[in-house]
Amino acid sequence: WECLRDNRDLEVVVGWEPITKSKDPRRYTDTRACMLTLLSARNLILRIIAATVEQDSTALLGKLSSELNNLLEERVPKCLEKFKTSGDRIRVDNQLIPLDAVERLREATESGQLQIIFKLAESLAKTSRLDADCIDAVRSAACFEVIQLDEGVVTFKEFMLRAATVGETLAFVGAICVAYANQIDPQIGSKKNRKKGGKELTTVNSNGVQ
């Protein structure tokens with residue numbers, strides 16, 4: 001018992017970038033703001049996924065989609081604005097870890113990932129079917145398309161960052177849609193479970209008869 005370490009002397013650092021003596025402002029207040037904004041967005045996404053499991057999540061989805069939209073319109077632009085150069089590009093420091101908070105927040109925004117989650121939650125808060133605007137946004141969103149290596153000059157980091165975004169977005173959207181579909185028609189989920197448990201097999205002939 002006496003050998004157990006008391007953790008009250010540990011220093012808690014809000015962030016995931018390595019400690020450095022660099023004078024780059026991205027290491028300090030502005031970078032921490034990007035980290036916290038990105039974590040806030042992830043928190044809202046997880047809460048939206050959890051809300052779709054609830055029996056009556058209309059009001060909650062509306063509230064969460066509104067919070068995500070406010071974050072997109074207010075906090076995200078303020079964070080990224082501090083890191084833009086005259087060429088409207090995000091400043092890059094080669095000494096930073098490959099996927100730092102600034103670039104991850106920019107990718108989640110410019111690829112349309114956060115916007116798609118917002119539109120999806122907003123649409124489901126209004127009706128059980130996705131509206132036309134949401135469907136059109138999904139079809140044209142860059143967060144579902146991997147960057148092609150032959151599209152001009154594409155760095156390996158840019159390719160991997162977009163590939164990760166595509167995987168994340170598909171997982172987020174898939175989880176939301178499956179959970180919400182099971183709430184609307186719970187018989188779908190129960191039928192699948194019965195088939196797995198009882199190994200029910202059916203065949204369908206050319207006339208559509210089982």
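Please treat every number below as a calculation from the coordinates, not as lab data. What you see is a predicted model; the values in this text were computed from it and never measured. In this analysis, Cβ positions are derived from the backbone assuming ideal geometry, glycine residues included, and neighbour counts consider all displayed protein chains.
Below 11 angstrom from the Cβ of ALA121, what's the summed charge of the other residues (Lys, Arg +1; Asp, Glu -1)?
With Lys, Arg at +1 and Asp, Glu at -1, the net is +2.
So if I take the alpha carbon set of region 129-182, get Rg, then get Rh from the Kirkwood formula, what is the Rg over Rh ratio?
Rounded to two decimals, Rg/Rh equals 1.09.
Exposure proxy check: MET35, MET160 ranked by fewest other beta carbons within 10 Å?
Fewest to most other Cβ atoms nearby, the residues stand as MET160, MET35.
For a quick check: sort PHE156, PHE83 by the number of other beta carbons within 10 angstrom, fewest at the front.
So the residues, fewest neighbours to most, are PHE156, PHE83.
Can you work out the FRET efficiency for the pair ALA59 and SER140, with r the C-beta to C-beta distance and R0 = 30 Å, to the nearest 0.05?
That pair, ALA59 with SER140, gives E of 0.55.
Kirkwood Rh over alpha-carbon pairs of region 28-186, then Stokes-Einstein at 10 °C and 1.306 mPa s: what D in µm² s⁻¹, rounded to an integer?
Details: Rh = 16.6 Å.
Translational diffusion coefficient: 96 µm²/s.
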